[in-house]
């Protein structure tokens, strides 16, 4: 599936080869405060827990409305973990780090 | 009215048979309508029919957003109704979007909204220029998402957004406990609410539709039966019929000449309703068969609903009394619809009958027998159903003949009584039991608008159909069958005896006259003899007297005597009978 990468704030780090890669797709609808907050939260969590093992694609549905059906997106923001299987979806502004980590099947490194 | 006329609410036709009639045009254009009901009540079918009809008949493309069934499942489900969803999708008349909400896949963290759903729907609408939208069943979101506060706010926004889009929308909702929908969707959709119901009473299911609310529009408030069959969904607005039907004074034959005579010589009124009631085996079906046969002979169409027998059985039985219905079936003038009363609910029967009548367009309808519908529902329901059917038939000018089986000893039974008030002509077939045999009798119990015979007729089933003959009605009551034959024979014998007696007396009189004549002749002869005797006696006497005078004169002359009148008077004698006789001796 084609995905247009959008970087609302800063650039997302590229996935580093060798590590267990998480492909994360963040669906947003326009540059709303909530979208920006979600992206910021996601980036922070990834940096803290998945450094070098993730890749983030941001899809703005306002620009690509037909992409919503493919991943069964209803709510925005929605974070979809496409790989590894199974597909996981986390909706909301990702403000609760623990729940995001549970959702991503990542044990919080404590 | 003082205020200026307000533009009438625009309506969008659903294309669902009957529904557009009861709503006076369909669903409110550009607004969402809620269709709710329990599981399996036909919500999805209603919605998809609305959409497919829009795309195929009203040039209004549509979007179907399914929250339950996948697109493939949906296409399969409606293919049986003749809807070609894949074709319509390919031609960009319909867009199908399956929104899958899986609770287990979704984790919620923090604030969100359903903008993605709006975008999806908006994209689908714009891609084909849709005018109609179906959301089936949006309540699934409640099980997929936990934050009810957000969900409710978003739904409210969604419906407003749909209104702004100007699409006519059908939203389906699962019926809740004591509420119209489980999650109170009716709160958001306030323009039109349609409730579908699927009820099972006495193991028989009936589907009903009710318009709970229709803002800004007059609508029927009744429950309307509807049916789902191979032609889709159809609502029957039968209860809205009034009594304003035109009446005909045309008469049509009953098919039995003598019965025509009993009904003022011409038969039934066209467009009237006839009830033929009687006990088992009293010949109801035969009367009905004559009626069908007569209609087909006139070249009219007859539609027959059978509730107890199969068409083949009826045709065989009627052939035995000389009525061959097969040619009419072959020529398409006669059609049978046979269904067990218990096959479906009363409303369903009514609906089916409506459909069949609408399609076949008969001028004559036969229901044989309506009483068996009683096994399905309570008498009041049957009465109501038949009333509506009769109204419908009358409004379309169809002449209907219903047979009714009555039980028990009194022939006029409660089942008949229940429906008799709605019929125009009531023929009662009775079995008259006497001297060890049962015979059939027929009389006209009522015939509105005509002077009918008040006589009972004996009803015979012959090889040439039904024959009505006069019964013996006399001092010993009404006699039929062999009793009638015996009575008639007795009467004939008595008459013969009387005749013979008269003849005897006539002969005696004739003899007497002969005697009289003879005696008269004898007397006359005697009289004439006497008369002749007397006449000749008088002549002789006169001759003798003359001779005597002559002789005396001769003697006197010879004696020269002077005493001329000495002894010249004749000798007088009295006989025993006192008759004065004159004679020479």
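Any read-out appearing in this document is the output of simple, stated calculations on the displayed coordinates, not a laboratory observation. Predicted, not measured: the structure shown is a model, and the values here were computed from it. Every residue, glycine as well, gets a Cβ built from its backbone with ideal geometry; the counts of neighbours run over all protein chains shown.
Two decimals, Cα atoms only, Kirkwood Rh: what is Rg/Rh over chain B? Display every interim value, and only then the final one.
Values: Rg = 50.2 Å, Rh = 31.8 Å.
Here Rg/Rh amounts to 1.58.
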- Residues of A:73-82, mean number of Cβ from any other protein chain within 10 Å of their own Cβ, rounded to a whole number? 6
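Please list B:64-70, B:499-505 highest first by mean number of surrounding beta-carbon atoms within 10 Å per residue.
Working: B:64-70: 20.3, B:499-505: 10.0.
Answer by packing, highest mean first, reads B:64-70, B:499-505.
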- Calculated on alpha-carbon atoms, Rg and Dmax of the protein assembly as shown in Å: 53.6, 221
- Among DSSP beta bridges whose residues both lie in the protein assembly as shown, state the antiparallel percentage, nearest 5. 45
- Give me a single rounded figure for B:286-293: the average over its residues of other chain Cβ atoms within 10 Å of their Cβ. 0
- Using the Cα gyration tensor of the stretch B:251-470, with a ≥ b ≥ c the square roots of its eigenvalues, what is the shape: rounded (a/c below 1.5), prolate (a/b larger than b/c) or oblate (neither)? rounded
- Query: Using the alpha-carbon atoms, what tilt in degrees (0 to 90, nearest 10) does helix B:148-165 show relative to the longest principal axis of chain B?
  - Reply: 70
- Task: Please give the helix B:379-395 orientation as an angle from the longest Cα principal axis of chain B, in degrees from 0 to 90, rounded to the nearest 10.
- Result: 80
- Message: How high is the relative contact order of the stretch B:167-210? Use alpha-carbon pairs under 8 Å, at least six apart in sequence, and give a whole percent.
- Response: 22
- Most to least packed among B:395-403, A:78-86 [average Cβ atoms within 10 Å]: B:395-403, A:78-86
- Query: Applying 1/(1 + (r/R0)^6) with R0 = 35 Å to the Cβ-Cβ distance of residue B:79 and residue B:280, what FRET efficiency is obtained, to the nearest 0.05?
  - Reply: 0.15
- Item | In degrees, nearest ten, helix B:115-128 long axis to first principal axis of chain B (Cα) | 60
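Report the relative contact order of the stretch B:133-278, percent, no decimals, based on alpha-carbon pairs under 8 angstrom and at least 6 residues apart.
On the way: 162 pairs, mean separation 17.8, N = 146.
Answer for the stretch B:133-278 is 12 percent.
Ranked from highest to lowest mean number of other Cβ atoms within 10 Å per residue, what is the order of the peptides B:26-36, B:154-164? List each step's numbers first, then the result.
Details: B:26-36: 23.7, B:154-164: 17.2.
Taking the mean over residues of other Cβ atoms within 10 Å, the ranking is B:26-36, B:154-164.
Do the sum for the protein assembly as shown: with -39,500 (n - 2.57) for every DSSP H run of n ≥ 4, divided by all residues, what is the mean residue ellipticity at 222 nm, to the nearest 500 deg cm²/dmol? Kindly include the intermediate steps, with their values, before the conclusion.
Numbers: 18 runs with 251 residues, N = 695.
Mean residue ellipticity at 222 nm (helix-derived): -11500 deg cm²/dmol.
Relative contact order, percent, of the stretch B:4-120 when contacts are C-alpha pairs under 8 Å separated by at least 6 residues?
On the way: 107 pairs, mean separation 23.2, N = 117.
Contact order relative to length: 20 percent.
Once you average over the residues of A:27-37, how many Cβ atoms of partner chains fall within 10 Å of each Cβ?
Numbers: counts 3, 2, 6, 2, 0, 2, 1, 5, 1, 0, 2.
Partner Cβ neighbours, averaged per residue: 2.
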